[in-house]
Amino acid sequence: MNVALGVCGGIAAYKSAELARALMERGFSVQVILTAPAAEFVRPLTFAALTGRKAITGLFAAEDNLAGAIEHIRVARESDVLVVAPATADILAKFAHGLADDFLTTMYLAFTGRVVLAPAMNAQMWNHPATRENVRLLRERGHELIEPEEGILACGESGPGRLADPARIAELVASGAAPAPRDLEGEVVLITAGPTQEPIDAVRYISNRSSGKMGYALAEEAAARGARVTLVSGPVHLAEPRGARTIRVRTAGEMRAAVLEHLEESTIIIKAAAVADYHRADAPRTKEKKTAARLSLELDPTPDILAEVGNQKGGRLLVGFAAETDRLVEEARRKLESKNCDMVVANLVSMEGAGFESDENEVVLVLRTGEAIPVKRAAKRVIARRILDQVAKLRLALHSSP
Ligand code: PMT
């Protein structure tokens, strides 16, 4: 597998040498592309020594100028994955808007494969609306982002902006690049993802911070492992997962209807959605006027879809999630029993950088045998892989039980 490793100009550029080595150790061939500012931070020779290949430093830097002019097309064709680490605010903006004024940006436009971006910058720059919008566009395009870590930055400020650990970036690249085992062939997997929105009136609603990333990662991974996948998704800003059929819903009621409609044909059900627990049953169709008086809303519980599926699951395998802020395993065990699940994926959503919205998660897989298997923090795609490893084992046990 060939990785094109783009390195941009930032203090974190020195960590890219470590990343190049980590990728080589995992069996990738690595072609490094340095932007002009990056070459000020780290010498091309460092990468040449590590990768055994001359680092590319510019569109016209090749000895043979004609070859140099089309070199970006060759690298785009030969690479399986493009990884950019550190990805500066500048490169995110250029990628988002299709600017192509150097080797890395022209190669990006000519590249049709998987893109993994590991941003690093000052916290204010990361939080700037322009950067947030560019990140949103790139995610919508299906690119994978490994969020910067919190900490003291080179500028002396603290906040999100440090390049993620090179070992974690390499692990994400490797997890998506390794051919997925085809151990879910013949299975029909129904997955729910994202939040639901429960109207309060014509323009207001109750919802939560779920981005859908966990459920979408599961859908993409299950499809890669050979399953036929139906994804029932609440409102999110993500590209449809490759290989899955996506059904978009808004409310808990709509999600319930879609799940029950596809239950019969399914062999595995995974409920990663953060379904709103309450709704306003008599929500008016008009916008309610604001007054100076205090407002009390009467809310009714939404249908508990997981419990309903648990009651009628028959021989199907049912995986629930539990989003908890305390007593993680205890609460997950309670849900496992009360909702008749075969496994509950428990995540401590109060943990910084995991759970809701984040690109990463850290979970405990709670099983009927009483086992509680911790899965350490990793990209949601890696977590999805670990969850489905366990699902495949449970499925095998179900098939082979008398
Ligand atoms: O979407 P992301 O930003 O990637 O974040 C991922 C996540 C944190 C949302 C995900 O990992 C997760 O924990 N999903 C479940 C969130 C949740 O609603 O947990 P809960 O403990 O409140 O619900 C337990 C289970 O019951 C869940 O499987 C849920 O889908 C299900 N449920 C809950 C309420 C309801 N009315 N119907 C349900 O089916």
Practice task
For G9, indicate whether it is part of a loop (DSSP other than H, G, I, E, B), open to solvent by 10 Å² or more (accessible area, probe 1.4 Å), at negative phi and in contact (Cβ under 8 Å) with a residue 24 or more places away in the chain.
Solution key: yes
Within region 126-163, restricting to residues that are open to solvent by 80 Å² or more (accessible area, probe 1.4 Å) and part of a loop (DSSP other than H, G, I, E, B), the one that is nearest to E240 (Cα to Cα) is R141
Residue hits (region 111-140; closer than 18 Å to I152 by Cα and of a type in the set (D, E)) are none
Exactly one of L299, L306, L317 is within 26 Å of the chain's Cα centre (by Cα), more than 9 Å from the ligand (Cβ to nearest atom) and either on the phi < 0 side of the Ramachandran plot or not hydrophobic (A, V, I, L, M, F, W, C) (or both), and that one is L317
For region 87-107, pairs from a residue that is farther than 17 Å from W126 by Cα to a residue that is among the acidic types (D, E), with Cβ under 9 Å and 6 or more apart or across chains, are F103/E71; M107/E71
Of those in region 323-346 that are touching a residue at least 40 places away in the same chain (Cβ under 8 Å) and within 8 Å of the ligand (Cβ to nearest atom), the residue most open to solvent (accessible area, probe 1.4 Å) is A323
On the given criteria, is K376 in contact (Cβ under 8 Å) with a residue 12 or more places away in the chain and either within 10 Å of the ligand (Cβ to nearest atom) or over 15 Å from A272 (Cα atoms) (or both)?
yes
If you go through E371, E357, the only one that is of a type outside the set (A, V, I, L, M, F, W, C) and within 12 Å of the ligand (Cβ to nearest atom) is E357
Region 197-298: strands (runs of 3 or more DSSP E) wholly inside it with 1 or more residues that are small (G, A, S), open to solvent by 30 Å² or more (accessible area, probe 1.4 Å) and touching a helix residue (DSSP H, G or I) at 6+ places or on another chain (Cβ under 6 Å) are none
Taking region 347-398 and keeping residues open to solvent by less than 50 Å² (accessible area, probe 1.4 Å) and at positive phi leaves G353, G355, G370
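The values are calculated or read from the model by the stated rules, or taken from the named source; none is laboratory data. All of these numbers come straight from a predicted model, not from anything done at the bench. Virtual Cβ from ideal backbone geometry, glycine too; neighbours counted across all protein chains shown. Just so you know, the surface numbers come from the protein's heavy atoms only, side chains and all, with ligands and any DNA or RNA stripped out. Shrake-Rupley method; radii C 1.70, N 1.55, O 1.52, S 1.80 Å.
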